[in-house]
Amino acid sequence: MKEIQDQLRELFDRIPRRHTTDNVKEINSILDAYEDLLTQLEADARYEQQVAHYFEALDPIRTGVKKSNDGKLSKKGKDDQFDEASGALKDTMEELMALLENA
């Protein structure tokens, strides 16, 4: 479990806050790695029921990241959309880290 907590912390620390093409790629790779960690946790009977909530949070975050790349948005609009998505990712990761620490 400590290994998953360490990987989760590493991913959390890599989350970018500003919209750039590189940051979109980075957050998408973080989301993929995060989903892999959730899958590992889901396999553990202690967390099987609790992990579904975190999977459900992924789609709106991915949608926000995708919307932040919309060419019709201004730079500020892209930043705002990306910031909202990255903030939601940070919130769910912090919640999961607290869950794992208190288990």
Where does the charge balance sit around Thr20 when Lys and Arg score +1, Asp and Glu -1, over other residues with C-beta under 10 Å from its C-beta?
0
Point-to-point label distance, Lys90-Lys72, nm (Cα→Cβ direction, 7 Å offset):
2.9
Where the chain is the region considered: accessible area per residue in Å², 1.4 Å probe:
59
Output the 0 to 90 degree angle, nearest 10, between the alpha-carbon long axis of helix 21-42 and the longest principal axis computed from the alpha carbons of the chain.
20
Beyond 14 Å, the calculated P(r) of the range 40-103 holds a percent of Cα-Cα pairs equal to 62
Relative contact order (percent, whole number), the chain, Cα cutoff 8 Å, 6+ residue spacing
33
By how many nm would the segment from Asp83 to Arg17 lengthen if fully extended, with 0.36 nm per residue of separation less the alpha-carbon distance?
23.2 nm
In deg cm²/dmol and to the nearest 500, what is the mean residue ellipticity at 222 nm of the chain if only DSSP H runs of at least 4 residues count, each as -39500 (n - 2.57), divided by the residue total?
-26000 deg cm²/dmol
Would you calculate the convex hull of the Cα atoms in the range 1-72 and tell me its volume per residue in Å³?
77
Close lysine pairs (the chain; alpha-carbon distance under 16 Å; 8 or more apart or on separate chains) counted at 9
Sulfur and carbon atoms: percent of accessible area, the chain [1.4 Å]:
46
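The values are calculated or read from the model by the stated rules, or taken from the named source; none is laboratory data. Bear in mind the structure is a predicted one, so any value in this text is a computation, not a measurement. As a convention, Cβ positions derive from the backbone with ideal geometry for all residues, glycine included, and neighbour counts pool all protein chains shown. Surface accessibility is based on the protein's heavy atoms, side chains included, excluding ligands, DNA and RNA. Shrake-Rupley method; radii C 1.70, N 1.55, O 1.52, S 1.80 Å.
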